[in-house]
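A short worksheet on the structure shown next.
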Amino acid sequence: MINHNKTLKPGMVALLGIQLDENSTFMSGPSEAPDIIRKTLHSGSSNLCAENGVDLSNEPRFTDLGNFRPVTGPAGFNQITAEISNILDCQAKLLVLGGDHSITYPIFKAYKNKYQTLNILHFDAHPDLYDEYEGNRHSHACPFARIMENCPPNHLVQVGIRTMTPHLRSQAERFDVKSIDMDQNPYSPDFDGPVYLSLDLDVLDPAFAPGVSHHEPGGLSTRDVLKIIHSVRAPIVGADIVELNPKRDPSGITAMAASKFLKEIAGHMIRNN
Ligand code: MN
Ligand code: MN
C-alpha cells in the first residue's frame, strides 16, 4: 500500500481510479473508464473550471493518486476498504472513478468507520438493492443492500430511480430508503450532515449518456443532475462516479459528462470545505 502522508494534507481532494468490473452484469467495460475520464478532462476540449469558480488546473488542494486495480474476489473488496481507509486517515476527501457500482460498498465501509454521521446521495436509474443478483451478493445490482445491512448511513436518498420491481420496493421499505423517482424531480436535497455522493452515470437519459451498460430511457438530463449537486448545502466528503462503459461511448460524450461531474463535485468539495 502506498503511503500518502507526504502528498495528502487535510482537506485535500484526491482523485483515485478503481479498475474493477468483475461484478458487472450484461457487459464488462467500466474497469477501463478511469483513464478515459482523465484523458477527457485533460484533452484541451474544455477548461478545468467548475461553475463555482474553482479551477482544478491551478488548485493545490486537488491531486490525482492514479489508479488502483484490486485482486479478484472478496479479497479485492478488502483491499479497496484498506486503501480508502489509508487515504481517509490523511483527512482527505476522495473522488473515486469506477469501475462498476459494486465498489461503492467497500468504499463506503471505510467511510463509515471514519465518519459517525454520514448520509448517501445516490444517483441511479436502478436502486441497486437486490439481495443477490444472478447468484452474486456483491453484484453491481446489490451494493446498497450490503451497505444498509453492514454499514448504514443516517439517510440513503436515491434519485432518478425508474426500474423498481416488487422485490426492490420491499427492500427499499425494509431499509427505510428515500426513493425519489423520475416524477418527483426536480429534487432539492436537505441533509442534516455530511454527504457521500454516489453517481451511476445511467441516471442520465441515454440520449445524454449512451456510454453505460444498461440503457434506461426516461432519465435525468446532465443539467438536472448538476442542479441537484449544486444545491447540496452540506459538505460532500466523498464521491464516486461509476459505470462508464467506453465500449458504448464512441463519440466520447458520456466520458465528457463524467468529466463535467468530476469538476463540479471536486469544485463543491473544495469550496465547501
Ligand atoms: Mn444503474
Ligand atoms: Mn448502480
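Laboratory data are not the source of any read-out in this text; all were calculated from the coordinates shown. Predicted, not measured: the structure shown is a model, and the values here were computed from it. Because the Cβ atoms are built from the backbone with ideal geometry, glycine has one as well, and the counts that use them run over all protein chains shown.
One residue stands out in the range 104-132 among those that are farther than 21 Å from ASP224 by Cα and touching an Asp or Glu at 6+ places or on another chain (Cβ under 7 Å): the one that is farthest from ligand 2 (Cβ to nearest atom), namely ILE107.
Residue-wise test of (1) in contact (Cβ under 8 Å) with a residue 40 or more places away in the chain; (2) more than 16 Å from ligand 2 (Cβ to nearest atom); (3) of a type outside the set (Gly, Ala, Ser).
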site: VAL157; (1), (2), (3): no, no, yes
site: THR163; (1), (2), (3): yes, no, yes
site: ASP192; (1), (2), (3): yes, yes, yes
site: LEU197; (1), (2), (3): yes, no, yes
site: VAL203; (1), (2), (3): yes, no, yes
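Of the residues making up the range 26-64, just one is in contact with a Ser or Thr (Cβ under 6 Å, 6 or more places away or on another chain), of a type outside the set (A, V, I, L, M) and surrounded by fewer than 16 Cβ atoms within 10 Å (Cβ to Cβ), namely PHE26. Of everything in the range 238-256 that is of a type in the set (A, V, I, L, M, F, W, C) and buried (at least 23 other Cβ atoms within 10 Å of the Cβ), the residue that is farthest from SER28 (Cα to Cα) is ALA239. The set of residues in the range 82-111 that are more than 14 Å from ASP240 (Cα to Cα) and assigned to a helix (DSSP H, G or I) comprises ALA82, GLU83, SER85, ASN86, ILE87, LEU88.
For the range 89-110, a residue qualifies if it is in contact (Cβ under 8 Å) with a residue 60 or more places away in the chain and either farther than 30 Å from HIS215 by Cα or aliphatic (A, V, I, L, M) (or both), and the qualifying residues are CYS90, GLN91, ALA92, LYS93, LEU94, LEU95, VAL96, LEU97, ILE103, ILE107. Comparison of GLU32, GLU51, GLU22 shows that the only residue that is in contact (Cβ under 8 Å) with a residue 24 or more places away in the chain, touching a helix residue (DSSP H, G or I) at 6+ places or on another chain (Cβ under 6 Å) and among the acidic types (Asp, Glu) is GLU32. Per the listing SER259, SER188, the residue uniquely in contact with a Ser or Thr (Cβ under 9 Å, 6 or more places away or on another chain) and either farther than 25 Å from GLY29 by Cα or among the aliphatic types (A, V, I, L, M) (or both) is SER188.
All conditions in (1) without any contact (Cβ under 8 Å) to a residue 40 or more places away in the chain; (2) touching a helix residue (DSSP H, G or I) at 6+ places or on another chain (Cβ under 9 Å); (3) more than 16 Å from ligand 1 (Cβ to nearest atom) hold for GLU173, with the sole exception of (2). Residues in the range 109-157 that are surrounded by 15 or more Cβ atoms within 10 Å (Cβ to Cβ) and closer than 12 Å to THR25 by Cβ: HIS126, ASP128, TYR130, TYR133, ASN136, HIS138, SER139, HIS140, ALA141, CYS142. Being in contact (Cβ under 8 Å) with a residue 60 or more places away in the chain and assigned to a helix (DSSP H, G or I), is that true of even one residue in the range 67-75? So far as the range 67-75 goes, yes, one or more of its residues are in contact (Cβ under 8 Å) with a residue 60 or more places away in the chain and assigned to a helix (DSSP H, G or I).
Per-residue answers, yes or no, for (1) in contact with a Gly (Cβ under 7 Å, 6 or more places away or on another chain); (2) more than 26 Å from GLU149 (Cβ to Cβ); (3) among the aromatic types (Phe, Trp, Tyr):
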{"position": "PRO166", "(1), (2), (3)": "no, no, no"}
{"position": "TYR187", "(1), (2), (3)": "no, no, yes"}
{"position": "ASP192", "(1), (2), (3)": "no, no, no"}
{"position": "ASP205", "(1), (2), (3)": "yes, yes, no"}
{"position": "ARG233", "(1), (2), (3)": "no, yes, no"}
{"position": "PRO250", "(1), (2), (3)": "no, yes, no"}
